[in-house]
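A short reminder: the numbers here are calculations on the coordinates, not readings from a lab. This structure is a prediction, so every number in the text was calculated from the model and none was measured. Positions of Cβ are generated from backbone atoms using ideal geometry, with glycine treated the same way; all protein chains shown enter the neighbour counts.
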Amino acid sequence: MKKFFTTLAAAAAISMALTACEEKDNGGNSGTETARAVAGTYNGTFEMSVMGNSQGSSDIGCTISAASGNTVDIVLDEVQGMGNMTIILKADGATVTETDDGYSVSGNIDTVSGETSITGSVSGIITKDKSSVSLTFEFKPGAMPMSITGIFTCPASGTDEN
């Protein structure tokens, strides 16, 4: 009888260990799947303003690449703004969070465009079907005393990255 209980206890311990290692399917994405879900190349409009005053808009592309875990790298194509200033915005390691309606993205901009250091932040929403992207870039080139606000919107679907 003692041998029976020992065998039963060993079987229970093995069963619990195997169950604890199973991946649960809770319908949600893992971090990497969340980053991959928003990855793609999007074409849209980038509108810039300083202190609420429009600085014009450009039709440009935005590439979002899955980095690691639940992070993405965001690169906005080169844009002309405020006279002859050329700006390329990058946000490496932006965090992606799944929401009811899509994906929330937020991160920091700390890059160099040409010889100009650019710092700031990016935040926005991408719908689950990628039919709408809205990213707000708040940034300062060099020692500029005020921030530039740039809003990238894409009403058309992005293309999946493979």
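Just a few scattered comments:
- Linear extension gain, Asp101 paired with Val50, 0.36 nm per residue minus alpha-carbon span: 15.3 nm
- If a spin label sat at a point 7 angstrom from the Cα of Ile125 along the line to its beta carbon, the backbone N atoms of the stretch 64-100 nearer than 14 Å would be those of 97-100.
- Cα-based equivalent ellipsoid, the stretch 31-160: semi-axes from gyration tensor eigenvalues, Å: 24, 15, 12
- Using a Förster distance of 30 Å, the FRET efficiency for Thr116-Glu33 (Cβ separation, nearest 0.05): 0.25
- Computed from phi, the 3J(HN,Hα) profile of the stretch 122-136 under the Karplus parametrisation 6.51, -1.76, 1.60 (θ = phi - 60°) reads 9, 8, x, 10, 10, 5, 4, 8, 6, 7, 8, 10, 9, 10, 9 Hz, with x in place of Gly and Pro.
- Under the convention that each Lys and Arg Cβ holds +1 and each Asp and Glu Cβ holds -1, the size of the dipole of the stretch 31-160 around its Cα centre is about 140 debye.
- For Ser113, the amide hydrogen comes within under 5 Å of the amide hydrogens of Ile118, counting only partners 5 or more places away or on other chains and with H modelled in the peptide plane.
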